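Inspection log for the structure reproduced underneath, given as structure tokens.
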Amino acid sequence: MKRLIALGLIMVAAMAGCGGGEGMGGSDDGGDLVVENAMGNLALPMPNGAVYMTITNGTDDDDALIDAAVPGCDAVELHEMIMEDDVMVMRQMEGNRIPVPAGETVMLQRGGLHVMCIGKTAEFAVGESVPVTLTFEKAGTMEVTAEVIDPGEMAPEMQKEEGGMDVEQND
């Protein structure tokens, strides 16, 4: 009987550790890590593409996106575009890491931070849904769905306005 009670207490403790908040990294006092508006610029007939999204860290702890996987991409890296000597350059983030500070929202967008699909091994069609597996330093792994978009129809909020990468909207 004592063994059953001990086993029951262990199970209750284990279940309590698994439950709680909704989404990633739920906590009693801080909130969740939320990924929204995932979209892929993957349909162009080029060997590479990019995935954009909004990451909101509603927790009390700094976190970081440290890896991503996209089926149909030979390799995936975390990149940024910056101005160097009046030239826009793209480079992998140092340590392949995009910081997501506590209480802040980080935009992965054209002309800025993004998930880079290197060496597409599949064809992507506009309107198709693609699973994207994101790995965060503290929140762990999360799978989101990115819609493959026509880059000319990208939402204005997903286009960086500084650094000479503006995309004009023709209304």
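The values are calculated or read from the model by the stated rules, or taken from the named source; none is laboratory data. A quick note: this is a predicted structure, and the numbers were derived from the prediction, not measured. In this analysis, Cβ positions are derived from the backbone assuming ideal geometry, glycine residues included, and neighbour counts consider all displayed protein chains.
Okay, here's what the table says:
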| item | result |
| --- | --- |
| Gly127 vs. criteria touching an Asp or Glu at 6+ places or on another chain (Cβ under 8 Å) and closer than 20 Å to Gly152 by Cα | yes |
| Residues located in segment 93-111, provided they are in a strand (DSSP E or B), out of contact with any Ser or Thr (no Cβ under 8 Å at 6 or more places or on another chain) and at pLDDT 95 or above | Ile98, Pro99, Val100 |
| Restricting segment 112-171 to residues that are in a loop (DSSP other than H, G, I, E, B) and basic (Lys, Arg), the residue that is modelled with the highest pLDDT | Lys138 |
| Any hit, segment 53-76, residues being part of a strand (DSSP E or B), crowded, with 21+ Cβ neighbours inside 10 Å and in contact with a His (Cβ under 8 Å, 6 or more places away or on another chain) | no |
